[in-house]
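Please read the structure below before turning to the comments.
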Amino acid sequence: MTTAKPYLTGHYTPAVDELTATGLTVEGTLPPELTGRLVRNSHNPKPGITPTHWFKGSGMVHGIRLRDGRAEWYRNRWVRTPALDGAPYLTEHGPDLTASTAGTHVIEHAGRLLALSEANLPFELTPELETVGAYDFAGTLRTAMTAHPKVDPVSGELHFFGSSPVPPYLTYHVADASGAIVHSAEVPGASAALKHDFAITRHHVVFVEGSVTFDPAEHSGIPYGWDDEQPARIGVMPRGADGAGRIRWYPVEPGSLLHAANAYEDERGRIVLEGPTVDREGFVLSWNWWTGAPGRGAEPTTASRTRRWVIDPAAGTVAEYTVDDLATEFPTINEDLLGAEHRYQYAVSFPDSDGLGGYGVVKYDRVTGERRIHEVGDARMPSEAVFVPAAGATREDDGYLLTVVSDLKQDASRLLVLDASGLGQLAAVHLPRRVTAGIHGSWIPDTAH
Ligand SMILES: [Fe+2]
């Protein structure tokens, strides 16, 4: 009987080395307009290391360079942080914000490629994925930075927050399109509840405090746990310099939302928020998977179902709905619609907690209610499907979904390019290794800043 941690086996088996490969084989036709880099992060401890929690595994970024219909290169690199060499997060001087796994997400803003992990400062990478070092916005960022910052598609601003298990619990930041922090404010009324993601609308910032909060007795290395006494709340804060003082917190049903698909104001001025959410049982199944404890799901997201909150500021009420029974995670949209009402949402489907169902790339049409799934096949697992708009697109779903599929039978991976409209496969790029299942990533077009 194996005692290997689930997050070191199967699709999650870490890569043991760093590769660079050029001139990759392409099946089908890569749209020439896909000229840029797909960069994706994962937790990938060095050989011989068994982290006590999946999230404690060192970050490794995988990049695929496409240009004019060709796949020029693949490379993977560990993010070289002090934590990669064992530096502790907690020191005698307090938290070391540079002791990061930098293993959760990777984004580009104002010409900087940043590997992110929520308890830390970002780490800047070169376009070829070498580590430059911790980045603190020229000395102006003194808190941790969420792994889920939001680029406002209208202004180009980067909205983000730093959360902490001790006061100040929540600090909100805005960097302008040039990357300079122009606004920072402590957010009143926040607690030590876990805040992994958030949302922005055209006029508001939406914070989510679920039922998972700081738990110093949790011994997995990630000191959080479900607490029935922790009030679940959504905080709606007007955007702008004086917004923090006007935040309003709304009580909601117990739950834990890991990722927001999007939020927006509807025509009646209500705030709509959607994202995959777990209840207490789902959280425990998930946490047990992440820590390797008994009583876990087949995957970390086996009981995660999309939830919708409709907050009516005028009435002071919140209506809540479960949108779909399918177990999904990694919600994505056409980010040109970030903060505005979107019609289409994409996600990855997972087997449910009974092991039923399979992996696929899901598309929801929120107008017709249609759900479409691109099945990836037996023993294959897709990564977060990143939406890239087509050149000159006039429809919201005129574009591509990019997903890296881990194939256990072939011990190989392909980058799939799907037509986001019908989910048909347009191209598959052969990668020189099986890419470890991981977390989030971004498409960085050459036209980026
Ligand atoms: Fe995340």
request  = Can you work out which of the residues in the range 113-134 that are more than 16 Å from the chain's Cα centre (by Cα) and open to solvent by 30 Å² or more (accessible area, probe 1.4 Å) is farthest from F161 (Cα to Cα)?
outcome  = E128
note = Looking across the range 306-326 at residues that are of a type in the set (S, T, N, Q) and loosely packed, with under 14 Cβ neighbours inside 10 Å, the single one that is farthest from E265 (Cα to Cα) is T322
message = Could you go through the range 84-101 and let me know if any residue there is within 16 Å of the ligand (Cβ to nearest atom) and open to solvent by less than 50 Å² (accessible area, probe 1.4 Å).
response = yes
ask   = Applying the selection to the range 344-364, what residues are in a loop (DSSP other than H, G, I, E, B) and touching a strand residue (DSSP E or B) at 6+ places or on another chain (Cβ under 8 Å)?
value = F350, G357, G358, Y359
request  = Please state which one of G424, G377 is at pLDDT 95 or above, of a type outside the set (F, W, Y) and open to solvent by 20 Å² or more (accessible area, probe 1.4 Å).
outcome  = G424
task = State whether the residues of the range 10-19 include one that is open to solvent by 30 Å² or more (accessible area, probe 1.4 Å), free of Cβ contacts under 8 Å to residues at least 12 places away in the same chain, closer than 28 Å to D378 by Cα and out of contact with any Cys (no Cβ under 7 Å at 6 or more places or on another chain).
result = yes
task = Please enumerate the residues belonging to the range 382-396 that are among the charged types (D, E, K, R) and either surrounded by fewer than 23 Cβ atoms within 10 Å (Cβ to Cβ) or without any contact (Cβ under 8 Å) to a residue 12 or more places away in the chain (or both).
result = R395, E396
query = Right, L30: part of a helix (DSSP H, G or I) and surrounded by fewer than 24 Cβ atoms within 10 Å (Cβ to Cβ) or not?
reply = no
ask   = Could we say that A110 is away from the ligand (no atom under 16 Å from the Cβ), open to solvent by less than 40 Å² (accessible area, probe 1.4 Å), at pLDDT 95 or above and under 29 Å from V26 (Cβ atoms) here?
value = no
query = Going through the range 414-433 one residue at a time, which ones are in a loop (DSSP other than H, G, I, E, B) and either of a type in the set (V, I, T) or in contact (Cβ under 8 Å) with a residue 60 or more places away in the chain (or both)?
reply = A420, L423, L431, P432, R433
key: Residue within the range 57-65 that is out of contact with any Pro (no Cβ under 8 Å at 6 or more places or on another chain), within 16 Å of the ligand (Cβ to nearest atom), open to solvent by 10 Å² or more (accessible area, probe 1.4 Å) and not basic (K, R) present   = no
remark   = When (1) small (G, A, S); (2) touching a helix residue (DSSP H, G or I) at 6+ places or on another chain (Cβ under 9 Å); (3) open to solvent by 30 Å² or more (accessible area, probe 1.4 Å) are applied to A241, the one that fails is (2)
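The values are calculated or read from the model by the stated rules, or taken from the named source; none is laboratory data. Everything numeric here is computed off the predicted structure, so don't read it as measured data. Every residue, glycine among them, receives a Cβ derived from its backbone with ideal geometry; neighbour counts consider all protein chains shown. Note: areas computed on protein heavy atoms with side chains; ligands, DNA, RNA excluded. Shrake-Rupley method; radii C 1.70, N 1.55, O 1.52, S 1.80 Å.
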